[in-house]
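See structure below.
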Amino acid sequence: MEPKVQTLVYAALLHDIGKFYQRTGLAHGDEFGSLTVKDHGFSGAHAKWSADLIRSVFQNNEIADLVLHHHAPEQSQHREMADILQKSDRISAAIDRSKRDFGEKGDPKKEHLWSIFTQVSLRGKAQAASLKWHHQLGVLSPTRDLFPTDEPDPYHWNNEAAYLRLWKEFVDELSVAGNPPHPTTLLALLRKYTSTIPSAAYVDYPDIPLYDLSLIHISEPTRPY
């Protein structure tokens, strides 16, 4: 794989990992504290957490720069690749996200991943919106926990503690997986730890896993170098 393409693959897979990190309640590194919307772009604050992970675990400034500026590529030191990453991000967001109705807002730290089956229409009758079957946060494993549930959330709809536990497990595995890990290894870890995490929840319905969004980003067509 060409070096620039490989860099883009890692950036595409990890540019939104800051959403996972941010929901733990942990602070990002001090070096990102002075950054503003001009630096990370509108709706791009999570990118500070993404860049913090990459710098602390992989010590890779190029990938960190790309993920930090994927909402504001004009601020990147690698403008050409940052533009490609932004284009991929916009295409994937347009494809799979659905906006909430009537200005409704969600709380990313409280929302669970909705089951897609709540949107299935049977004999012309859609499922009641109040059912809200969801996936509880956790690693992907072949157990009953994998299936959607309508049971109350054990964290009383404040998932910060669950995110923190899951994040620590993810970073522990990521830290020993290689520097950087092989892309297929990284994909396996993302699948294990982000398949039950909503990719968006504030102005969008939380029905797309963060893992699925990562796959869409690396599958979007990009122009050759």
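The values are calculated or read from the model by the stated rules, or taken from the named source; none is laboratory data. Since this is a predicted model, take the numbers as computed values, not measurements. Virtual Cβ from ideal backbone geometry, glycine too; neighbours counted across all protein chains shown. The area values use the complete protein model at the heavy-atom level, side chains included, leaving out ligands, DNA and RNA. Shrake-Rupley method; radii C 1.70, N 1.55, O 1.52, S 1.80 Å.
Can you give the local net charge around Trp114? Use residues other than it whose beta-carbon is closer than 9 angstrom to its beta-carbon, Lys and Arg +1, Asp and Glu -1. Before the final figure, lay out the partial values.
On the way: positive: Lys132; negative: Glu111, Asp207.
Residues near Trp114 contribute -1 overall.
Solvent-accessible surface of segment 155-207, taken per residue with a 1.4 Å probe and all protein chains present: 46 Å².
Where in segment 53-90 is the amide nitrogen less than 15 Å from a point lying 7 Å along the Cα-to-Cβ axis of Val37? Under 15 Å, as judged by backbone N against the label point of Val37, lie 71-72 of segment 53-90. Once the 1.4 Å probe is applied to the protein heavy atoms, segment 6-50 comes out at 39 Å² accessible per residue.
The local environment of Gly33, defined by Cβ-Cβ distances under 15 Å, has a net charge of -1 under the rule Lys, Arg +1 and Asp, Glu -1. In this structure, the residue pairs whose Cα-Cα separation is over 19 Å, taken from Lys19/Lys109; Lys105/Lys132; Lys109/Lys132; Lys87/Lys192; Lys4/Lys168; Lys4/Lys192, are Lys87/Lys192; Lys4/Lys168; Lys4/Lys192.
Each other residue within a Cβ distance under 10 Å of Met81 adds +1 if Lys or Arg and -1 if Asp or Glu, for a net charge of -2. Amide H to amide H distances under 5 Å link Leu113 with His135, where only residues 5 or more positions off or on other chains count and H is placed in the peptide plane.
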